[in-house]
């Protein structure tokens, strides 16, 4: 399609994100909440909806929902009731889902995002509410019967609903990336879209730019990665523009995304609106969120990525790029923060974390919590370089790996033992320079005739002969003196 | 044989009888009264072997405090490894995998459960004619209904086939059959007894209740049934008083109210009104103040009750779908027919009527007109009732407008008249208040008449003491 045609239109997208809470037990019963167990092994009589069973709310799930709300600048609802959403499906044992309809635990709020191309925007949230997951229906190839696994039934979820503020597919990407980072910072969800612990549906419409009215929206499901969400929105946008350009109208429907063919296909039309007969859950007392409780939860909150970003750029004076990389994962950010408590050389600390430490972790697919060196030991390395006792190159290439192998010593002792400490004593450096200049007599002549570039060659040879121990500043000065003499 | 647990306890202490003999007696009575259709299942062998064990414990002086008490459980109360089907085809073959914690506490005190008794399907009904296993007959007059929905429970006690029955009461299901069979039926405050293990009909109304021959046994059993339970998030955390030790006849002057309109209306059977008047005179003669009170909201109680209970029932009964347990239609060919046929074939007509009514009042177009409005009316009725009770110790009414009616009297054509029979019992249920029905006489056909006494929240102890006093003379 011609770019000028596409540019006549504005994309309008709202997202519904489901995040499975990392609680030990289920939302309303006590069996384990774990991924990957054998089918139908984590199923109590409550999950199976046996007659006579009752739900009991998991307070941890409430706490997690409140944490997410606080992290997203939402107002927290004081008086929370649960509701039943009624519909029949074999993977929904009670015939209703326990959710929140009229009193979502978090209202309003927003998330600030920055896309890869640098566009900043604020995506407003409509609400975050608590609910329970359904089981899984498995339709096996070639089988007429459907199998049901109820391990997932009753797993606590939060559903994050945005306002229709997303205007570009890449904003959806940035938004989901930020959601995933937040839930991981808060340790309330593992944020794994491939395993379905983070799921996203998109309500997509287009309209002519300048139009105030919203176009008819289409719900797109089944996007199991953040990249696929962006691709699906892009694809669906083009499909809708094409229909409108041909004079057609958009059908209000639910479509599935097929990542292999990068296409959406119709699942069902929404003409007959589902009536879920929402109904206040009489088996659960209301959850009251008091000011005191909010204070307690706030006190438990870890520093959030945007707070750290601001601290790293303004207080530590780091480039935005550094701050972005360092706040990507909470554990890395906190490790970095520990280093910065012990040294003022923030840029050096950032270089160490983003460079040698991250490379080491990536190479071994290791988490920072398994990394053998303490932040204070990184500070030792920074200080050795700072004091000119060792060059950054030697320090990162030789001392750092050795230090990892022997973390029970100090960096200085190890550097000494490895004979890596730079020497600035001229009585040590002078004979080396003399030897080099003698070996390269022809080049010395050339230098004296004006080829000043040869200084680098002499310097390299001196460093090589000095096995990295020669203080380069002193050596440069001495070479020049001796050549000019 | 024994008219109270007190007698049984004494006889056991004096070694005049063994628990096994008591069980054998009840088993004979069950056999003799088989035509009443009160029992869905008799646990004969199990009850006998448990009796043997308890006899041994008694000899060793290690028996529980309810040793020798023989009870039945309504087919809506879970008893582990025993069948449970709410008198419905849809739970065909279902076996409970746990015991209701309230019943468990009684079992721990050495109660013997002798059988599972019939009721209206999913506790919906007031005549026990809605059971998939046939009507229960009233032991006083087998051409008449025993009331419902705990009809089997009432008959099992009234016909002396057990001492106590655990029933459930949503809008009168314990009190009304107790009135129809001449026994005591007690519904405690909502949330006093854990609902875990009770099949839900209308969750914000349902409570386990007691059917017994007298108030003393009721009070004793309540000590075990009531109290907190980790499986029910709505159960009261209040401590449980020793009800059976708090039954002294009230010595101070009580203020008792009766609803004037109820004792004047033609809709209540003449002999019932007369029996209540006789009781009023007796209370006055004993120095108590008995005053008429107005409660004009009475007429709204019944529609409010039926809108809210059917709404709750329509979602509570969604789980019966044939997917995981119970009846599954052999005629299902896909997911949709699995649901439609299983539920069409599995539920009886009254249950279907209530599910449809409840689905209707919760549907988007009618939600506010019916459900929201009924919720508001419920709140108003409760507030008004509490105001009324603030000025009173107890409120009395007849339990039912008529005595036990003939089997088959009500059908599809006049089902609303049958609903009307609940008019006097639904108000305490709407408010969640404790209420008891006690026998206060017989009508001209020798059919029992019940008096309903309602008290304030959690005043079970004074209510039971008053009921014991009111049953005397």
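Values in this text are rule-based calculations from the coordinates and carry no lab data. Note that this is a predicted model, so its numbers are computed, not measured. So basically every Cβ, Gly included, is an ideal-geometry build from the backbone, and we count neighbours across all protein chains shown.
Some observations on this one:
- Using a cutoff of 8 angstrom between alpha carbon atoms and counting only pairs six or more residues apart, the relative contact order for chain A works out to 13 percent.
- Per-residue mean of C-beta atoms belonging to partner chains within 10 Å, peptide A:39-52: 5
- Over chain B, dividing the summed -39,500 (n - 2.57) contributions of all DSSP H runs of at least 4 residues by the number of residues returns a 222 nm mean residue ellipticity of -11500 deg cm²/dmol.
- Distribution of pairwise C-alpha distances over the protein assembly as shown, 20 Å bins, in %: 12, 33, 25, 17, 8, 4, 1, 0
- For chain A, the calculated P(r), taken from all Cα-Cα distances in 20 Å bins from zero up to the bin holding the longest distance, is 19, 40, 25, 14, 3, 0 percent.
- Gap separating the Cα centres of region A:1-27 and region B:302-360, nearest whole Å: 37 Å
- If you wrap the Cα atoms of region A:1-102 in a convex hull and average its projected area over all directions, you get 11.2 nm².
- Inter-part distance where region A:116-137 and region A:304-353 are each reduced to a Cα centre, Å: 27 Å
- Its relative contact order, with pairs defined as Cα atoms under 8 Å and 6+ residues apart, puts region A:303-417 at 20 percent.
- Within 10 Å of the Cβ of each residue in B:315-327, the mean number of Cβ atoms contributed by other protein chains is 6.
- Among B:188-196, A:433-441, A:180-188, A:293-301, the order from most to least packed when residues are scored by Cβ within 10 Å on average: B:188-196, A:180-188, A:433-441, A:293-301
- Relative packing of A:101-109, B:2-10, which averages over residues the other C-beta atoms within 10 Å, highest first: A:101-109, B:2-10
- Residue by residue along B:334-340, Cβ atoms of other protein chains within 10 Å of the local Cβ number 2 on average.
- Comparing Cα centroids, region B:59-122 and region B:209-280 end up 24 angstrom apart.
- Highest mean packing comes first when the peptides A:225-233, A:66-74, A:309-317 are listed by Cβ atoms within 10 Å, giving A:66-74, A:225-233, A:309-317.
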